[in-house]
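The next block holds one structure in the form of structure tokens; read it before the comments.
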Amino acid sequence: MNAELVVLRGVLAIAFAGLLAGGAYAQSQDPTPQQQDIQNDKKDIRKDKKDLAKDRADRNADQRDINHDKRDLGKDRADRNADQKDINRDRRDLNKDRADRNADQRDINRDKAQLVRDDKKYGVNSAQVQADRKDLHADRVDRNKDQKDINHDRGDLNKDRADRNADQRDINHDKNDLAKDRKDRNHDQRGINKDKRDLHRDRKDLRHDKHGH
């Protein structure tokens, strides 16, 4: 009788252990809906953190681009303004040289007329005629020098205008880059804000699922 009782108890113990093991196995194989929700929430949180880190990195890179564009824009504006000052100076020089050239040409015309009068009045080899020829030569030298200055000023003016125009194109390009980078930065900031909201919502869901509500 005692032997049968021992055997019966052993069988019951083995059966009960089997039930426990089966239940644990079933539980490990098929998590409850609450456990599944918690796992999904944790997975969503990890994804939100990755998205947030990526968007922050993109936003920071865009901000560095914006700062770089601002420096380039400031430098190109300074160059453009310096070129404009050179242009204005070249114009003043050109106007002055033209005025000098025109004055020298008037002196030449006057010397020529004086030479003709003195030649008739005093003769070809007279002192007056020799002085007139000397004045005429000096005025021609001055006129030619002024013309060289005019040609040089024109070259400087054309070069400065080309530089100014190139700087203006750089300014326009920098403005476009700046606008694009600001747009990208703002887009990334909106992404960051969305990621923060998603992260906050998923953490709230996780707390909710952990409490079994």
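The values are calculated or read from the model by the stated rules, or taken from the named source; none is laboratory data. Keep in mind the model is a prediction, meaning the values are calculated, not measured. Methodologically, a virtual Cβ is constructed for each residue, glycine included, from the backbone with ideal geometry; neighbour enumeration extends over all protein chains shown.
Looking only at segment 141-182, residues that are touching a residue at least 60 places away in the same chain (Cβ under 8 Å) and not basic (Lys, Arg) come to 13 in all. Restricting segment 83-104 to residues that are more than 29 Å from the chain's Cα centre (by Cα) and acidic (Asp, Glu) leaves a set whose member that is farthest from residue 145 (Cα to Cα) is 90. Restricting attention to segment 161-213 and to residues that are hydrophobic (A, V, I, L, M, F, W, C) and surrounded by 14 or more Cβ atoms within 10 Å (Cβ to Cβ), the residue that is nearest to residue 41 (Cα to Cα) turns out to be 206.
Cβ separations smaller than 7 Å between residues 6+ apart or across chains give the following pairs from segment 53-79 residues that are more than 13 Å from residue 187 (Cα to Cα) to residues that are of a type in the set (Val, Ile, Thr): 73/171; 76/171; 77/171. Among all positions in segment 153-164, there is at least one residue which is at pLDDT 95 or above and within 30 Å of residue 63 (Cα to Cα).
Looking only at segment 93-112, residues that are closer than 9 Å to residue 143 by Cα and in contact with a Leu (Cβ under 8 Å, 6 or more places away or on another chain) come to 1 in all. Residues considered: 64, 77, 56, 101. Of these, the only one that is in a helix (DSSP H, G or I) and more than 30 Å from residue 176 (Cβ to Cβ) is 101.
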